[in-house]
Amino acid sequence: MFPDHDDPDGIAEAQAVCEFCPIRQACADGALARREAFGVWGGLTEADRRAIYNQAPPSTTTRSARVAQRRRDVDALVAQGLGNKAIAARLGVPVDLVQKARRASGSTKRPSTRAVRTAERDVRIDAMLDAGVSVKQIRLQLHVGYKAVQRRCDLRSTTNTVEEVAA
């Protein structure tokens with residue numbers, strides 16, 4: 001209903017009609033979504049809706065806390081080898097915010113594919129060495145050379161040489 005905004009009897013009559021209406025809540029929600037400027041919708045007057053529009057949603061965190069969390073999230077996803085677009089999609093933010101967060105944290109470069117593959121291979125070699133798998137089996141299963149396994153043995157600071165591990 002559309003009573004005049006300065007007609008208290010008309011407003012009361014419109015609200016009385018809305019009181020028992022089965023779609024009252026849907027009507028009020030629709031009016032709020034459309035930002036209806038006039039009339040009584042779902043029992044809400046123009047002044048009621050204006051008060052709801054003007055209410056600021058309470059902020060649970062400060063801006064600096066949100067920015068710091070975003071940087072941590074971006075850094076974690078960069079470490080996984082994701083690019084800017086993939087990170088933005090995962091976090092639900094624009095790409096330019098991801099770029100800003102990466103610049104601020106100094107993580108503008110993504111590790112090369114080769115570096116990622118080498119790191120993954122080294123983890124597998126270490127796990128197999130820990131499990132007592134022979135060097136020959138490591139080389140056959142992972143398709144790596146003798147030097148790759150030797151390097152892992154040297155880096156692990158073991159006293160055993162590759163020959164001792166192989167025995």
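Each residue in segment 1-18 was checked for being surrounded by fewer than 16 Cβ atoms within 10 Å (Cβ to Cβ) and in a helix (DSSP H, G or I), and 7 pass. Within segment 33-50, residues that are more than 17 Å from Pro8 (Cβ to Cβ) reach partners that are of a type in the set (Asp, Glu) and assigned to a helix (DSSP H, G or I) with beta carbons closer than 9 Å, at six or more positions or on different chains, in the pairs Glu36/Glu46; Ala37/Glu46; Gly42/Asp29.
Where helices (runs of 4 or more DSSP H) fall wholly inside segment 94-167, the ranges with 2 or more residues that are at pLDDT 80 or above are 95-105, 113-130, 135-142, 146-155.
Kindly establish whether Gln25 is in contact with a strand residue (DSSP E or B) (Cβ under 9 Å, 6 or more places away or on another chain), surrounded by 11 or more Cβ atoms within 10 Å (Cβ to Cβ) and modelled with pLDDT of 85 or more. Spelling it out, it is not the case that Gln25 is in contact with a strand residue (DSSP E or B) (Cβ under 9 Å, 6 or more places away or on another chain), surrounded by 11 or more Cβ atoms within 10 Å (Cβ to Cβ) and modelled with pLDDT of 85 or more. Condition check: touching a helix residue (DSSP H, G or I) at 6+ places or on another chain (Cβ under 7 Å) and on the phi < 0 side of the Ramachandran plot. Does Arg49 satisfy that? Criteria met by Arg49. Residues in segment 4-29 that are without any contact (Cβ under 8 Å) to a residue 24 or more places away in the chain and either touching a Phe, Trp or Tyr at 6+ places or on another chain (Cβ under 7 Å) or of a type in the set (A, V, I, L, M, F, W, C) (or both): Ala12, Ala16, Val17, Phe20, Cys21, Ile23, Ala26, Cys27, Ala28. Of all residues in segment 47-70, those satisfying the criterion of being at pLDDT 80 or above and either surrounded by 16 or more Cβ atoms within 10 Å (Cβ to Cβ) or touching a Cys at 6+ places or on another chain (Cβ under 8 Å) (or both) are Asp48, Arg49.
The values are calculated or read from the model by the stated rules, or taken from the named source; none is laboratory data. These figures come from a predicted structure and were not determined experimentally. Here Cβ is always computed from backbone atoms with ideal geometry, including for glycine, and neighbour counts include all displayed protein chains.
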